[in-house]
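Undergrad: Quick one: the structure is below, and I'll ask about it shortly.
The values are calculated or read from the model by the stated rules, or taken from the named source; none is laboratory data. Bear in mind the structure is a predicted one, so any value in this text is a computation, not a measurement. Cβ: placed from backbone, ideal geometry, glycine included. Neighbour counts: every protein chain shown.
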Amino acid sequence: MKETRTWKYLFICRVLLIAAMIGGASVISYGLQYMGLSETNIVLVYLLAVLLTTWAASEYITGIAASIAATFIFHYFFTEPFFSVSENNLSYGMTFVIMITTALITRSLTFKMKDSTREARKKEAEAMALYSLNTRLTGASDIGDMAQIAASAVSLSFDCEAECLCFYRSDQYKKLRIRMENLEAAWDQGKKFWDWPIYGNEEPLGMIRIPATKGRTMDEEQKNLLQVMIESIALAMDRWQASQKQMAADAEIIQERYRTNLLRSVSHDLRTPLSGIIGTSEMLLDLIQPSDEKYQMIKGIYNEADWLHGMMENILSLTKLEDGQLLIDKEQEAVEEIVGGAVSHIGRRFPEYEIKVEVPPELLLIPMDGKLIQQVLMNLLDNAVKHTPKEGEICVSVTADPKRQEVIFTVRDQGEGIKSEELPLLFKPFFTSRGKLADAHRGTGLGLTICEAIVKAHGGRMEAGNSSDGKGAEFIFTLPMEVKKDEQSRHLHSNRRG
């Protein structure tokens, strides 16, 4: 019913338009005839009326109807015999053909011109919408603000109630996120909503949701426009997330630098007085008999100061390692002396533990930084003491492997062993085992991390596991028997500079 009324209204408008144009042309033509002008001028007036009618209506039928009406009225009022239509008049047909042709050409040109204008306005509107969207996204304060701007822009551009769902640090849309990750099409068509994913460089950032009723009526141009808008939204969200990650990384670097500087400063300040305490207490232990009640007090002072000194050395090594300043000064060192120094140091702290040493009978010299390798052995022995009961045995063994040109160091204890879930974490900074015996001893969780770093800096490797006999754990590290050519050249170059 509504369509019928609309058709009738348009029909009446077209009839009135033709009547107005042809009527106006007739009035003008009477004036021209009164002025004595020729029929050619009158024909041009009617042609102009047909042209204007066709341009205003933009329809072939209206132009043809105007051409018929103009031809009939022209011949009826302005050609002899007046007020009659001669069927045999050849000019009647020619005038009709000319006016019909004019109407058709005018309609075609008018349609193209209006279509071009409409397309230009559409492109301009799309460009303005994208410009407005990008401008507002650039000024957004956070990703939530971006989501609101995106939803508003899409709703305004497509005349619907659109939503922008953001996945950033939110478990609310976990299922939707998984669905977008596995989506193979350009969008997901649901019963109630059509969802367009917003993809970032690494992962889905969110999605644009519009009603399914609107999605079904969208043409290809509208879908392409929506895709372009989504790309702009994704770029803005991705840029914001990247800036947030960079800010967090910068803050973490600054915090880590402060922590490292503090640790280095504290370690340096404590190093000197601790060395004095250790030396004095060691001298007093040599002067007092073990049976004296003061002996145990002084021994306690020595052990505590020595533990603090070892912890300070580990912290200093860690800060140098993190700053890339852990320098390896390799010299030919006797393996027996390095192992003996580490065992002697631990033996003074824990005389109740038995430490067995197995080294080759022949003199074994290998290039190493003796101080750092002794620190590795001391850390491993200290770790073994923590996990071994007093009646248990700790063993340090050294073997040479001429085929692989390396020396193998092994520290074995008779403790509880290493849990399978702890194996991947042993060499992580600040990781400490949760064993029963280990809980009775203090630890910072830095020793094994530093050991691995020192061994790797020497060109060796380090690994941990449980003993083959099932009694306790064992730590193995290797050192090359010869200095590699590139390391030797760097070492000589550093000596020359020194």
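Undergrad: Given (1) under 30 Å from GLN296 (Cα atoms); (2) modelled with pLDDT under 85; (3) among the hydroxyl-bearing types (Ser, Thr, Tyr), where does TYR353 come up short, assuming only one miss?
TA: With respect to (1) under 30 Å from GLN296 (Cα atoms); (2) modelled with pLDDT under 85; (3) among the hydroxyl-bearing types (Ser, Thr, Tyr), TYR353 is out only on (2).
Undergrad: Could you tell me which numbered condition TYR131 fails, if it satisfies all but one of (1) modelled with pLDDT of 80 or more; (2) surrounded by 12 or more Cβ atoms within 10 Å (Cβ to Cβ)?
TA: TYR131 satisfies all of (1) modelled with pLDDT of 80 or more; (2) surrounded by 12 or more Cβ atoms within 10 Å (Cβ to Cβ) except (2).
Undergrad: If PRO351 meets every condition in (1) surrounded by fewer than 17 Cβ atoms within 10 Å (Cβ to Cβ); (2) under 21 Å from HIS387 (Cα atoms); (3) in contact with an Asp or Glu (Cβ under 7 Å, 6 or more places away or on another chain) apart from one, which number is that one?
TA: Going through the list (1) surrounded by fewer than 17 Cβ atoms within 10 Å (Cβ to Cβ); (2) under 21 Å from HIS387 (Cα atoms); (3) in contact with an Asp or Glu (Cβ under 7 Å, 6 or more places away or on another chain), PRO351 breaks only (3).
Undergrad: Please work out which residue is nearest to ILE454 (Cα to Cα), limiting yourself to the stretch 283-321 and to residues that are buried (at least 17 other Cβ atoms within 10 Å of the Cβ) and of a type in the set (Asp, Glu).
TA: GLU313
Undergrad: Within the stretch 188-207, track down each residue that is within 22 Å of the chain's Cα centre (by Cα) and either more than 23 Å from TRP240 (Cβ to Cβ) or not in a strand (DSSP E or B) (or both).
TA: GLY200, ASN201, GLU202, GLU203
Undergrad: Taking the stretch 177-199, which residues are at pLDDT below 85 and either crowded, with 17+ Cβ neighbours inside 10 Å or not assigned by TED's automatic domain parsing to the domain that holds ALA234 (or both)?
TA: Matches in the stretch 177-199: ARG177 only.
Condition check ((1) in a loop (DSSP other than H, G, I, E, B); (2) at pLDDT 80 or above; (3) of a type in the set (Phe, Trp, Tyr)) across all residues:
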position	(1), (2), (3)
PRO429	yes, no, no
ALA438	no, no, no
THR449	no, yes, no
ALA453	no, yes, no
LYS456	no, yes, no
GLY460	yes, yes, no
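Undergrad: Further, regarding this structure: Given the criterion surrounded by 17 or more Cβ atoms within 10 Å (Cβ to Cβ), farther than 24 Å from ASP306 by Cα and among the hydroxyl-bearing types (Ser, Thr, Tyr), identify the matching residue among SER397, SER420.
TA: Unique residue meeting the criteria: SER397.
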